[in-house]
Amino acid sequence: MNLWNKKAKSYARYSSNLNEIQKTTFAKLGSLQGKSVVDIGCGSGVWTLHLAQKAKDVLGIDSSSAMLEILQEDATTHAISNVKTLNLDFESFYNNHNMKFDLAFLSMSPALQNEKDYQAFLNLAPKKVYLGWASRRKSSFLDPIFEHFNTHFKGFYEEDLQGFLNAQNIPYEVEIFNETRVVKRDKESAIENALWHLSMNGVNANKQELESFAKDEVEEIIEAKIKLLIVG
C-alpha cells in the first residue's frame, strides 16, 4: 500500500486562510494572473488550491490517489474549477510527458530524489519555487521513539535541490522560516502517526511497542526550519 494513501485521512487539508509561509511566498512570487502552474507532490492541495485561485490553471502531480481525491473534493467544495491532477510519481511524469509551464512548484515533497529529478524539475518552467526542510525537524513526541528504534526523521535530506543549484552555479533566492507548533492527538491517533513515520523509515513496529510513549492525550511540540528557494 502507498504509505501516503494511508496518511491522507489525517493529513492537513486546504484552508482558505494563508499561513505566514504562504503569505511570504505569494508576496515574493507576485502576480500569477494568466500563468500555468505545475505543483509537484501536491498532496491534498494545501498549496494547489491557493495557486489555482491566483493562476490561469494548475496541474497537480502526486503518487497518492487518496491525497488527490481529497484535493478534488476540496476544489469542488470551494468552487475551484481550474485544477487538474495526475496520479503519477515525478519520474513517471517527466519520462512520459513533455509539458511546459510558467511556474513549477514543490512544497515539502520527497518527489525529488536525485540529480535527474532536480534537472527535470528545473526544466519544467522558467520560474521555480521549492519549499523543503532546512534542518532536521524536532518533535517532542517522535524523537524519543526514533531514538528507541535507532532511526531519525527522514524528511530532511543532506543533499537536495539547493546543493544541486550550488554545484551547478545556478542563482536563486532563499529565505528561512522558523516554525514552532503544537499538535494535540488522542493516544490512538498519536501511535498511528508514529507507526506511519517508522514505516517511512523502513521500521516495522506494532502498537504495543509504542504504548509506553503515549499518554491518553499527546501534546506534540514540533520545531522546524523550512527553506524557500526561488529560481528564475
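The values are calculated or read from the model by the stated rules, or taken from the named source; none is laboratory data. It should be emphasised that the depicted structure is a prediction, and the values quoted were computed from it without experimental measurement. No Cβ is skipped: glycine too gets one built from the backbone with ideal geometry, and neighbour counts run over all protein chains shown. To get the accessible areas, we keep the full protein, side chains included, count just its heavy atoms, and leave off ligands, DNA and RNA. Shrake-Rupley method; radii C 1.70, N 1.55, O 1.52, S 1.80 Å.
What the table below lists for this structure:
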{"item": "Relative contact order (%) - the range 58-98, alpha-carbon pairs under 8 angstrom, separation at least six", "result": "57"}
{"item": "Lysines whose Cα lies under 21 Å from that of LYS28, excluding same-chain neighbours fewer than 8 positions away", "result": "LYS54, LYS56, LYS127, LYS128, LYS225, LYS227"}
{"item": "Debye log10 I(q)/I(0) for the range 113-173, one point scatterer per Cα, at q = 0.23, 0.28 Å⁻¹", "result": "-0.95, -1.26"}
{"item": "Residue-normalised accessible area of the chain, expressed per residue, 1.4 Å probe, Å²", "result": "52"}
{"item": "Relative contact order %, the range 1-107, counting alpha carbon pairs below 8 Å whose residues are six or more apart", "result": "32"}
{"item": "log₁₀ of I(q)/I(0) at q = 0.09, 0.17 Å⁻¹ - the range 1-137, Debye sum with one point per alpha carbon", "result": "-0.24, -0.92"}
{"item": "Three principal axis lengths of the chain [C-alpha, angstrom, descending]", "result": "53, 43, 34"}
{"item": "Net charge over other residues, Cβ less than 14 angstrom from the Cβ of GLY30 (K, R count +1; D, E count -1)", "result": "+3"}
{"item": "Loop trypsin sites (Lys or Arg not before Pro), the range 149-206, which have at most 16 other Cβ atoms in a 10 Å radius of their Cβ (DSSP)", "result": "LYS154"}
{"item": "Percent accessible area from carbon and sulfur atoms, the range 17-61, protein chains only, probe 1.4 Å", "result": "44"}
{"item": "Value of D in µm² per second that Stokes-Einstein yields for the range 170-232, Kirkwood Rh from Cα pairs, at 4 °C (1.567 mPa s)", "result": "91"}
{"item": "Viscosity 1.002 mPa s, 20 °C: Kirkwood-radius Stokes-Einstein D of the range 76-119 over Cα pairs, µm²/s", "result": "169"}
{"item": "Packing-based order for 118-126, 40-48, 16-24, 77-85, using average beta carbon neighbours within 10 Å, highest first", "result": "40-48, 118-126, 77-85, 16-24"}
{"item": "Over the range 159-232, relative contact order from alpha-carbon pairs under 8 Å, at least 6 apart, %", "result": "52"}
